[in-house]
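Beneath this line is the structure, given in structure tokens, with notes to follow.
The values are calculated or read from the model by the stated rules, or taken from the named source; none is laboratory data. Not measured: the values here are computed from a predicted model. All Cβ positions, glycine included, derive from the backbone under ideal geometry; neighbour counts span all protein chains shown.
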Amino acid sequence: MSKLACIFKALRLPACVIIQLPLLLGYTLAFPHQQEWHIYSLLIFIGCIDQIYICFSNDVADIEADKINNSRTFYSGGSTALIHYPAWQTAFGYVTYLSATVLFILGVMISFVLKNMVIGIFFAAMLFLPVLYHHPYFRWSYKSRGELLQAVGTGVILPVLAYIICQPASTPPLDWVPSQFAAYFASALSTTFPDQTADRQVNKKTFVVRLGEGVTCGMMFGLMVTGLCMAPNTYPQLTALYATLCGLLIAISLTVQDKLTRIFRDITCGLSGPLVSLIWILTLKGVYSSS
């Protein structure tokens with residue numbers, strides 16, 4: 001693989017939606033009927049730097065697991081850049097520190113310009129989440145807490161930060177937070193399924209490694225139902241239909257084994273992405289209908 005291709009793989013461009021969508025949600029909540037492109041451009045830039053910080057730090061921290069992972073996807077399993085070019089590890093470390101420094105400077109500058117110190121707190125939280133995730137002293141990703149950190153980052157911190165940057169003088173509405181958190185938690189759980197074999201070998205205790213596929217599938221369906229039920233402006237008929245379907249699949253996923261378990265695992269993981277989009281749409285529909 002060429003060096004240029006490895007660099008693009010390290011950037012994990014298909015995964016940018018995981019960071020950019022929450023920022024877009026916060027922006028839309030703040031400006032439901034107007035376009036402030038200079039502010040949204042700033043949010044896109046923040047999201048891009050945050051993605052570099054997360055992706056490069058992840059490659060450095062998980063290099064041992066990535067070496068033995070043969071089932072990686074666009075969203076999990078590492079970029080393999082350091083596997084093809086091990087000498088880049090120091091450079092990746094520098095890029096991680098540089099991107100973290102840029103985020104820190106942005107946080108300080110925006111906080112002072114907008115005269116809102118809460119923005120600085122959210123930037124600090126955004127910087128600290130990967131530390132909790134990867135740093136050897138914490139390493140929460142090895143203790144069944146990594147998925148929770150991802151849900152907090154994408155479901156709470158990023159959209160609230162975007163809203164406060166857009167509307168620094170007002171308090172963000174938080175009725176959408178439970179549904180977003182639940183949906184992104186389910187989505188984070190789904191990304192650990194392909195990596196479970198490698199995670200077991202390096203003793204990385206993700207939820208699926210610790211609890212098994214059946215129980216984790218049940219958790220995901222429960223989170224999906226919770227997220228859908230709590231989404232603003234949810235249609236009762238849609239919620240009832242979805243809850244019934246999820247209830248049946250939860251029962252099956254907890255009882256069947258082997259091939260059927262894999263089938264329902266795939267169904268669960270396949271539903272998690274569209275569900276995030278559905279809850280996102282329902283949230284925005286609630287915003288526009290109430291404004």
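Structural remarks
- Residue in region 135-158 that is modelled with pLDDT under 85 and on the phi > 0 side of the Ramachandran plot present: yes
- Matching entry among Gly222, Gly153 (being farther than 27 Å from Asn58 by Cα, of a type outside the set (A, V, I, L, M, F, W, C) and under 19 Å from the mean Cα position of the chain (by Cα)): Gly222
- Considering (1) modelled with pLDDT of 70 or more; (2) assigned to a helix (DSSP H, G or I); (3) not aliphatic (A, V, I, L, M), the lone condition that Gln35 does not fulfil carries the number (2).
- Flag if Thr101 is in the same structural domain as Ser41 (by TED's automatic domain parsing) and surrounded by 22 or more Cβ atoms within 10 Å (Cβ to Cβ): no
- Annotation: Gln89 fulfils all but one of (1) surrounded by fewer than 18 Cβ atoms within 10 Å (Cβ to Cβ); (2) at pLDDT below 80; (3) within 21 Å of Phe193 (Cβ to Cβ); (4) of a type outside the set (Asp, Glu); the unmet one is (3).
- Qualifying residue in region 199-212 (condition: of a type in the set (A, V, I, L, M, F, W, C), over 26 Å from Tyr142 (Cβ atoms) and in a loop (DSSP other than H, G, I, E, B)): no
- Scope region 196-234; condition buried (at least 18 other Cβ atoms within 10 Å of the Cβ) and of a type in the set (S, T, N, Q); matching residues: Gln196, Thr206, Thr216, Thr226, Thr234
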